[in-house]
Each structure stands twice: as structure tokens, then as C-alpha cells.
Amino acid sequence: MKTLKFKTSAVCGGCVATIGKSLNEIVKPEAWSIDVSTKDKVLTIETEKEAAEIIRQVEKAGYKAEQI
């Protein structure tokens, strides 16, 4: 298991819920979190998935993600 971090375009709890619905298709709900109190709205995720797959899932939800 590795920890990946991404800068996201989420801005509120609704954004987190939408992104979460997409992420939950490929990882367990307890494996990820988004800190909307930070400037970069950081998504932290514990996964064996590749970063590109996580980015695709966030983009599928209509948001941007960039690995940091």
C-alpha cells in the first residue's frame, strides 16, 4: 500500500461527495480523504492503484487532480 497525494479542484463538501462517489468505485471509502481547508484541497489516498487511475476517477467526477 502506498500513500499518494493530489492537488484537486474541490471547493466544498459537495465536491468531496461527488469525487468520493467516483473514488469509491475503485478504493474503499476509508482509504481516501480530501482536506478542503488547505489551499490545494489535498486528496490523500492509500492505494495500490497508479496515480493516473486516481486522476482519471477524479476527472470522471468532473474535477481536476494533479499529483504532488
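No lab work stands behind these numbers, since they all come straight from the coordinates. Treat the numbers as computed from the prediction; the structure is a model and nothing was measured. Heads up, the Cβs are rebuilt from the backbone with ideal geometry, glycines too, and the neighbour counts pull from every protein chain shown.
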### Task
Would you point out the residue of segment 27-60, among those that are part of a helix (DSSP H, G or I) and charged (D, E, K, R), that is surrounded by the fewest Cβ atoms within 10 Å (Cβ to Cβ)?
E30
### Query
List, please: which pairs have Cβ atoms under 6 Å, are six or more places apart or on different chains, and start with a residue in segment 36-48 that is over 19 Å from A17 (Cβ atoms) and end with one that is surrounded by 17 or more Cβ atoms within 10 Å (Cβ to Cβ) and among the β-branched types (V, I, T)?
T47/V27
#### Entry: Candidate set from segment 36-50 (those that are over 11 Å from the mean Cα position of the chain (by Cα) and not β-branched (V, I, T)); member that is farthest from Q67 (Cα to Cα)
S37
### Flag if A17 is small (G, A, S) and either crowded, with 16+ Cβ neighbours inside 10 Å or in contact with a Phe, Trp or Tyr (Cβ under 9 Å, 6 or more places away or on another chain) (or both)
no
